[in-house]
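Participant: Handing you this structure, nothing more for now.
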Amino acid sequence: MKKLVLLVLLFIFSSVIGQTTNVKKNNKDSLEISVLIKKSVALRRQFKLDSSLYFSSKAIFLAKKNNYTALLGSALMREGITYYTKTDYTTAFTRYNNALLYFNKAKDTSGIASTYANLGSLHSQQNQLEKAMNYFFKAIDLYKKLNSPKREIISLFNISLISFRQKLYDQSADYCFQIQEIIKKNKLGTYLNTNIENQLGNIYYTKGDLEKAAIHYQLTLQFSKAKKDIRRQVLSLVNLGAIYIDTNQFNKAEISYTEALQIINSIEASLAEKAVVYIGLADVNYRKKQYAKGVVFAKKGLALATTQKQTEFERDAHKILSNIYAAKNNYKTAFSHLSQFKQLADSLSNSTSVSLVKEIETKYQTQQKENKILTLENETQQKEIALQKSRLNTNLSLSGLVLALLLGGFLLHRRRKQQQLNLLKTAIKSTENEKRRIGKELHDGIASNLMRLAHNTEQKDVKLSHQLLDSYNEIRHLSHQLNNTSIKGELLIDRLFDVLPEDTENHLFNLKISPITLSVAEPYGTHLYRICQELIANNIKHANATRTTILIDLLENNIQLKYADNGIGNGDFNNGIGLKNIADRVTLMNGTLSIFSEENKGFTVTINIPYTE
């Protein structure tokens with residue numbers, strides 16, 4: 001019996017020894033994989049990308065060999081980030097998806113969330129914004145469950161960037177303020193505000209508030225210097241340089257960009273970072289009429305932007321080169337760069353949709369609120385509904401006789417009114433179709449012929465070629481106004497800027513829309529657009545004004561449009577076809593129209609339209 005016990009003990013002991021040996025081996029292997037991943041990450045941050053891939057591939061091999069699922073997911077994800085940095089987006093996408101498979105298998109929530117965030121960045125870089133937003137919101141949900149506010153902030157910030165790209169500036173700022181609340185609530189310190197301050201600077205800069213923008217950029221520079229974050233210092237200097245250019249402080253701008261260039265040349269910087277600095281220096285030298293230096297910097301920036309596939313930077317470089325060559329009277333080269341600028345600008349403007357951001361955000365917020373809405377349906381609400389039904393039945397009984405007497409006359413009046421509205425709708429629809437037909441013929445016929453003539457005469461007569469090109473652009477603009485009827489999914493301000501004349505020394509135009517991100521449902525959007533077109537056309541033909549203002553406000557359940565100019569006025573305004581068209585559109589929207597005009601006292605129009613978003 002003792003021998004048997006002794007044998008059993010020896011067996012258990014030897015098993016434990018064997019297990020301990022395996023654990024030590026496993027710990028050694030997993031530690032080696034972790035070290036390889038850390039080396040890969042460190043080398044990527046130094047932009048030694050091929051070396052980074054060498055270590056990540058070794059980590060992947062060892063993790064597969066030892067069947068370490070979570071570590072394999074981590075190594076694949078890190079390698080995906082390196083390929084993303086190399087702009088090999090196809091390989092990066094494959095690595096991220098493979099990482100997701102292993103993270104899901106290991107039930108590694110943190111790894112899944114990080115991969116979602118990286119997939120969001122990948123799709124955002126490729127302008128696939130619907131997919132990007134979905135991935136970022138998925139990552140945020142998981143980071144909330146993991147109580148990881150720092151990572152949640154990163155995904156929220158990326159959503160703010162997408163909103164900014166869609167020109168939803170107020171929405172982008174709201175996300176920044178939301179992030180600042182999270183930083184404050186979790187006491188995460190001031191440094192995390194660096195990106196937020198920079199983004200707020202971008203928002204105010206784009207909205208034209210350069211003073212506020214400069215304050216936020218200075219804060220970004222202050223935070224980045226405190227933490228010795230060189231890259232963000234460069235970003236701040238570039239942004240401040242842009243403000244100095246816009247405020248005609250060209251020497252300050254040159255100092256700012258030159259300092260940024262010195263920093264960039266002292267580190268392993270990405271091609272995109274270098275491109276931004278070179279293009280900024282090109283712009284400064286163009287403004288200072290130092291054209292030779294401007295061309296050198298612009299071409300360097302263009303080459304780097306093209307290699308890095310940064311379309312926006314390519315566009316900016318072509319624009320500056322076009323300006324420089326035009327200033328040097330080299331119209332042929334200027335025309336070439338201008339054509340490339342317009343092509344890139346068109347590709348950027350057509351690559352995204354504002355309505356997309358709102359749709360995805362609404363879906364996410366709806367999903368978050370569904371449980372809260374269900375909990376609000378309590379016993380008190382049910383009793384209130386029952387009481388309202390009882391009151392309604394009583395009121396219906398008392399008013400039934402009166403309704404029966406009035407119903408016949410009301411239906412007759414309603415039928416006549418509906419017939420009039422149907423005729424009006426048909427007439428306006430016919431008008432819109434005719435405008436589209438004319439716009440298409442202008443674009444496909446006259447505009448195309450002018451473009452061919454511009455190219456054919458370019459060698460013989462450069463000035464004539466440019467005159468033809470100007471005529472082409474005017475007809476193309478007119479065709480765009482006639483042909484683009486529906487503004488579904490567009491910001492109202494973007495479309496109205498297309499028809500608003502540019503300010504001159506003798507005539508200032510002021511357009512204000514509140515909120516600036518107003519996007520009106522159809523057919524209201526098209527009606528408002530056409531009404532403004534009619535008013536502006538009438539202004540140019542007859543008003544002889546020096547100041548014209550158009551204000552559009554979204555009030556509570558109401559859109560108000562106010563037009564005013566200080567022109568010669570018109571005492572006989574009721575007979576105009578344009579004003580009749582305006583009145584017809586207001587009628588179709590069930591709105592009210594008020595017009596005031598006296599000789600030499602200007603012309604004022606006020607329109608109120610019932611509208612619920």
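Participant: Considering each of I279, I243, I196, I264 in turn, give the residue that is surrounded by 16 or more Cβ atoms within 10 Å (Cβ to Cβ), aliphatic (A, V, I, L, M) and in contact with a Cys (Cβ under 6 Å, 6 or more places away or on another chain).
Facilitator: That would be I196, the only listed residue that is surrounded by 16 or more Cβ atoms within 10 Å (Cβ to Cβ), aliphatic (A, V, I, L, M) and in contact with a Cys (Cβ under 6 Å, 6 or more places away or on another chain).
Participant: Oh, and also: So which residues in region 65-99 are within 16 Å of G111 (Cα to Cα) and over 28 Å from the mean Cα position of the chain (by Cα), if there are any at all?
Facilitator: Residues satisfying the conditions are Y68, T69, A70, L71, L72, G73, S74, A75, L76, E79, N98, A99.
Participant: Run I255 past the list (1) farther than 12 Å from T194 by Cβ; (2) in contact with a helix residue (DSSP H, G or I) (Cβ under 8 Å, 6 or more places away or on another chain) and report the number of the one that doesn't hold.
Facilitator: (2)
Participant: A further question follows. Just a yes or no: is a residue in region 97-112 at pLDDT 90 or above and not in a helix (DSSP H, G or I)?
Facilitator: Checking region 97-112: at least one residue is at pLDDT 90 or above and not in a helix (DSSP H, G or I).
Participant: Report yes if some residue within region 266-274 is assigned to a helix (DSSP H, G or I), at pLDDT below 85 and of a type in the set (G, A, S); otherwise report no.
Facilitator: Within region 266-274, one or more residues are assigned to a helix (DSSP H, G or I), at pLDDT below 85 and of a type in the set (G, A, S).
Participant: Report yes if some residue within region 318-325 is under 29 Å from D170 (Cα atoms), without any contact (Cβ under 8 Å) to a residue 60 or more places away in the chain and not assigned by TED's automatic domain parsing to the domain that holds D494; otherwise report no.
Facilitator: Taking region 318-325 and keeping what is under 29 Å from D170 (Cα atoms), we get 319.
Now narrow it down to the ones that are without any contact (Cβ under 8 Å) to a residue 60 or more places away in the chain: 319.
Among the residues that remain, those that are also not assigned by TED's automatic domain parsing to the domain that holds D494 are: 319.
Yes.
Participant: Give me the residue from region 542-560 that is more than 30 Å from T517 (Cβ to Cβ) and surrounded by fewer than 16 Cβ atoms within 10 Å (Cβ to Cβ) and, out of that set, modelled with the lowest pLDDT.
Facilitator: N544
The rows are residues; the columns are (1) in contact with a Ser or Thr (Cβ under 8 Å, 6 or more places away or on another chain); (2) surrounded by 15 or more Cβ atoms within 10 Å (Cβ to Cβ).
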{"residue": "Y175", "(1), (2)": "yes, yes"}
{"residue": "E181", "(1), (2)": "no, no"}
{"residue": "K184", "(1), (2)": "no, no"}
{"residue": "A214", "(1), (2)": "no, yes"}
{"residue": "F223", "(1), (2)": "yes, yes"}
{"residue": "L237", "(1), (2)": "yes, yes"}
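Participant: Name the single residue, out of those in region 189-227 being among the basic types (K, R) and part of a helix (DSSP H, G or I), that is nearest to K167 (Cα to Cα). Reasoning before the result, please.
Facilitator: We begin by selecting, within region 189-227, every residue among the basic types (K, R); these are 207, 212, 225, 227.
Remaining after also requiring part of a helix (DSSP H, G or I): 212, 225.
On the way: K212: 18, K225: 30 Å.
It comes out as K212.
Participant: Any residue in region 254-268 that's not assigned by TED's automatic domain parsing to the domain that holds K293: show its pairings with residues that are surrounded by 12 or more Cβ atoms within 10 Å (Cβ to Cβ) and among the acidic types (D, E) at Cβ separation under 7 Å, as long as the two are six or more apart or on different chains.
Facilitator: Matching pairs, first to second residue: I264/E273.
Participant: Is it true that K105 is charged (D, E, K, R) and either touching a helix residue (DSSP H, G or I) at 6+ places or on another chain (Cβ under 8 Å) or surrounded by 18 or more Cβ atoms within 10 Å (Cβ to Cβ) (or both)?
Facilitator: Numbers: charged (D, E, K, R): yes; either touching a helix residue (DSSP H, G or I) at 6+ places or on another chain (Cβ under 8 Å) or surrounded by 18 or more Cβ atoms within 10 Å (Cβ to Cβ) (or both): yes.
In short, yes.
Participant: For region 43-70, give me each residue that is in contact with a Phe, Trp or Tyr (Cβ under 9 Å, 6 or more places away or on another chain) and either touching a residue at least 40 places away in the same chain (Cβ under 8 Å) or among the aliphatic types (A, V, I, L, M) (or both).
Facilitator: Passing the criteria: L43, L49, L53, L62, A63, A70.
Participant: Would you point out which residue out of A226, A282 is under 17 Å from N195 (Cβ atoms) and either touching a residue at least 12 places away in the same chain (Cβ under 8 Å) or of a type in the set (D, E, K, R) (or both)?
Facilitator: Values: A282 fails: under 17 Å from N195 (Cβ atoms).
Exactly one of A226, A282 is under 17 Å from N195 (Cβ atoms) and either touching a residue at least 12 places away in the same chain (Cβ under 8 Å) or of a type in the set (D, E, K, R) (or both), namely A226.
Participant: Hey, another quick one. Being assigned to a loop (DSSP other than H, G, I, E, B) and charged (D, E, K, R) is the filter here; which residues of region 166-188 pass it? Spell out the reasoning first.
Facilitator: Residues of region 166-188 that are assigned to a loop (DSSP other than H, G, I, E, B), as a first pass: 166-168, 186-188.
Matches in region 166-188: K167, K187.
Participant: Continuing with the same structure: Being in a helix (DSSP H, G or I) and either more than 22 Å from I183 (Cβ to Cβ) or of a type in the set (G, A, S) (or both) is the filter here, so list the residues in region 139-165 that pass it.
Facilitator: A139, S155, S160, S163, R165
Participant: While we're on this one: Name every residue in region 287-307 that is among the charged types (D, E, K, R) and more than 15 Å from A326 (Cβ to Cβ), in order of residue number. First the steps, then the outcome.
Facilitator: Step one: filter region 287-307 for residues among the charged types (D, E, K, R), giving 287-289, 293, 299-300.
Selection gives K288, K293, K299, K300.
Participant: Any chance region 561-584 includes a residue that's closer than 30 Å to D174 by Cβ, in contact with a strand residue (DSSP E or B) (Cβ under 9 Å, 6 or more places away or on another chain), at pLDDT 85 or above and not hydroxyl-bearing (S, T, Y)?
Facilitator: yes
Participant: Quick one: is A305 touching an Asp or Glu at 6+ places or on another chain (Cβ under 6 Å) and either outside any helix (DSSP H, G or I) or at pLDDT 55 or above (or both)?
Facilitator: Yes: the conditions hold for A305.
Participant: Quick check, is A298 at pLDDT 80 or above, surrounded by 11 or more Cβ atoms within 10 Å (Cβ to Cβ) and part of a helix (DSSP H, G or I)?
Facilitator: Judged against the criteria, A298 is a match.
Participant: Then there is this: Is it true that N239 is at pLDDT below 85 and polar (S, T, N, Q)?
Facilitator: Answer is no for this residue.
Participant: Also, quick follow-up: Given the conditions (1) under 22 Å from I493 (Cα atoms); (2) in a helix (DSSP H, G or I), and given that H542 satisfies all but one, which numbered condition is not satisfied?
Facilitator: (1)
The values are calculated or read from the model by the stated rules, or taken from the named source; none is laboratory data. Keep in mind it's a predicted model, so treat the numbers as computed, not measured. All Cβ positions, even for glycine, are placed from backbone atoms using ideal geometry, and neighbour counts span all protein chains on display.
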